[in-house]
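**Q** Below is one structure. I have some questions about it.
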Amino acid sequence: MGKTMHGRTRGIRTTVAALAALAAVAGVTAAAVPAAAAPASDTPRFLEPAELPPHPASPWYAGPVTAGQPDPLPVCVGDALPSIASHRSYWTEYDTNAQQITVVERSEQRAKDFAALLRKDIAGCAKKLMEQDPDITATQKNYGRLDVEEGAHVYGLHTASAWGSSDIGLFSVGRDGTTVTVVRWGQMGNFQHAQVSDFKATTVTAVDKLY
């Protein structure tokens, strides 16, 4: 992870700490020791590093599949995540990182409702971030629905701060039966730097391989 970005985000708190997940959580997550690795037999399959949007100058790396909520909670979707979630973090040698979070619900209706809640949270994320921190300007885009299993939706979020940072993030929410998965990708930049087509392909792969 780039030293400049790591240093810039180290002292940021509350809302801005959550925003750091778009472009700076990679170094923190890579160094962290997971609380508990999720048993392979009890969890859906997660993305492999090579299935993420390709980085022009670095391979992707991945941590283990870990039971529980990510720490820190990811921006936009973190508040809705239950304790039964499992997650896996990914990073490159530069300021690009990703995360997949998966929740297995007790019924298809509960999974459908949970996916709808996540989509609602993402849709209102830019407004919420600006209400929480006047130094943040946030804009977002809805990139539409993908026809995979029970469907997936893709969104983009750009955040800019008064001190000059600019981060771009892509999010997707997909469902296969009783299982809901969220994929998040982030790096420094703006909408011009968003790898939307590659991220859509990653999302299709993530939902396809849940079980």
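The values are calculated or read from the model by the stated rules, or taken from the named source; none is laboratory data. Quick caveat: nothing in here was measured; it's all calculated off a predicted structure. Heads up, the Cβs are rebuilt from the backbone with ideal geometry, glycines too, and the neighbour counts pull from every protein chain shown. The accessibility values were calculated without ligands, DNA or RNA, using every heavy atom of the protein model including side chains. Shrake-Rupley method; radii C 1.70, N 1.55, O 1.52, S 1.80 Å.
**Q** Can you work out which of the residues in the stretch 126-164 that are among the polar types (S, T, N, Q) and open to solvent by less than 20 Å² (accessible area, probe 1.4 Å) is nearest to the chain's Cα centre (by Cα)?
**A** By that ranking, first place goes to Thr159.
**Q** Hey, another quick one. Within the stretch 83-109, track down each residue that is in a loop (DSSP other than H, G, I, E, B), touching a Ser or Thr at 6+ places or on another chain (Cβ under 8 Å) and of a type in the set (A, V, I, L, M, F, W, C).
**A** Ala85, the sole residue that qualifies.
**Q** Looking at Leu81, Leu118, Leu157, Leu129, can you tell me which residue is under 22 Å from Leu210 (Cβ atoms) and touching a helix residue (DSSP H, G or I) at 6+ places or on another chain (Cβ under 8 Å)?
**A** Only one candidate qualifies: Leu118.
**Q** Only one of Tyr94, Tyr90 is buried (at least 23 other Cβ atoms within 10 Å of the Cβ) and either out of contact with any Asp or Glu (no Cβ under 8 Å at 6 or more places or on another chain) or within 24 Å of Ala201 (Cα to Cα) (or both). Can you tell me which?
**A** Matching residue, one of Tyr94, Tyr90: Tyr90.
**Q** Just wondering, is there one or more residues in the stretch 44-56 that are modelled with pLDDT of 95 or more, of a type in the set (Gly, Ala, Ser) and over 23 Å from Cys125 (Cα atoms)?
**A** yes
**Q** Would you pick out the residues in the stretch 112-164 that are acidic (Asp, Glu) and touching a residue at least 24 places away in the same chain (Cβ under 8 Å)? Steps first, answer last, please.
**A** Quick first cut of the stretch 112-164, residues acidic (Asp, Glu) only: 113, 121, 131, 133, 135, 147, 149-150.
Result: Asp121, Asp133, Asp135, Glu149, Glu150.
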